[in-house]
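In what follows, a structure is listed as structure tokens, so that the remarks can point back to it.
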Amino acid sequence: MGNQELVIARRSLHAVAELVLAGPQYRATGKLRLRVVPGGFATVLAPELRAIGTGVVGDGGAAVPIDGHTARAIGAELGVTAGRPEGAYADGADVGPDQTLTLDPGQSDVILGGFARGHDALIAFAPAETPVLWPEHFDVAIRVQDANFGVSPGDGFIEEPYAYVGVSRPPAGDAFWNAPFGAALPLSELPDAAAVTAFFAEGHRRRA
């Protein structure tokens, strides 16, 4: 069965990233990327919005709760029109602006904690790069020498948060490359940012 609460929380946070943060930002500035911040994630340009824990914070500073609300209602409270960044990509959260979101605080902590660990690991691995939280696949990542390094909150491939190294052609005959897109390891096996950094470095070394 897996952890349905985690799946539901991930879908709700993904919807917030896509509909409440990325959509309004994209319409205002043409920029799609988001960023990881302490306790959650945020826009990089106007409108200034942050998803922190189980709520979304705007300029006013008061958090609008996610659980039990729709993206449209959250956006209205924050003074923005919720909606997809139309034309930017085909995939996404597959959640409409009028669907009620469900967010368990403990599962939110798991997902946002994974993003924080991934962000810190990416900074340590490649200090010259700026980690980006992409609203399409809802992962925090960088690209170094034609390879993608990042952390996903989980998906159809691995249900729980995981670190990955994505390459166009995974080297054959090496057990490290255990995924169709490269290599992946659950964060449950990588206890801290240093361990995630080491995983990224190992992937970089093995593909060299």
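The values are calculated or read from the model by the stated rules, or taken from the named source; none is laboratory data. Just so you know, these numbers come straight off a predicted model, no measurement behind them. Cβ atoms come from the backbone with ideal geometry, glycine included; neighbour counts cover every protein chain shown. The accessibility values were calculated without ligands, DNA or RNA, using every heavy atom of the protein model including side chains. Shrake-Rupley method; radii C 1.70, N 1.55, O 1.52, S 1.80 Å.
Over the chain, what is the mean sequence separation of C-alpha contacts under 8 Å (at least six apart), divided by residue count, expressed as relative contact order in percent?
19 percent
Tell me, what % of the accessible area of segment 70-196 is carbon and sulfur with a 1.4 angstrom probe?
In segment 70-196, the share of accessible area belonging to carbon and sulfur is 50 percent.
Take the alpha-carbon centre of segment 144-163, take the same for segment 95-140, and report the distance between them in whole Å.
Segment 144-163 and segment 95-140 have Cα centres spaced 11 Å from each other.
Using amide H atoms built in the peptide plane, which far-off residues or other-chain residues are under 5 Å from Tyr162 H to H?
Distant-sequence amide H within range of Tyr162: Ser152, Gly154, Leu187.
Extending each Cα 7 Å along its Cβ direction at Phe176 and Ile8, get the distance between those two points in nm, one decimal.
Here the answer is 4.0 nm between the modelled labels.
Rounded to the nearest 10 degrees, what's the angle between the helix 193-207 long axis and the longest principal axis of the chain, both from Cα atoms, 0 to 90?
In the chain, helix 193-207 runs at an angle near 50 degrees to the longest axis.
At 222 nm, what value in deg cm²/dmol follows for the chain if DSSP H runs of at least 4 each add -39500 (n - 2.57) and the sum is divided by all its residues, to the nearest 500?
Estimated from H runs of four or more residues: -9500 deg cm²/dmol.
Compute and list, largest first, the equivalent-ellipsoid semi-axes of segment 96-150 from the alpha carbon gyration tensor, each √(5λ) rounded to a whole angstrom.
Output for segment 96-150: semi-axes of 26, 15, 7 Å.
Rg(Cα) of the chain divided by 2.2 N^0.38 Å?
Dividing the Cα Rg of the chain by 2.2 N^0.38 Å gives 1.00.
Quick one: accessible area per residue over the chain, 1.4 Å probe, rounded to a whole number of Å²?
I get 46 Å² per residue for the chain.
For segment 1-56, what relative contact order do you get, as a whole percent, if you take Cα pairs closer than 8 Å and at least 6 residues apart?
24 percent
Can you tell me how much longer the chain between Asp104 and Glu48 gets when fully stretched, taken as 0.36 nm per residue apart minus their C-alpha distance, in nm with one decimal?
Between Asp104 and Glu48, full extension yields an extra 17.7 nm.
Taking the Cα atoms of segment 65-109, what is the range of coordinates along each of the three principal axes, in descending order and whole Å?
Principal extents (Cα only, largest first): 33, 24, 16 Å.
Could you tell me the extents of segment 1-119's C-alpha atoms along the three principal axes, largest first, rounded to whole Å?
For segment 1-119, the Cα spread along each principal axis is 39, 27, 26 Å.
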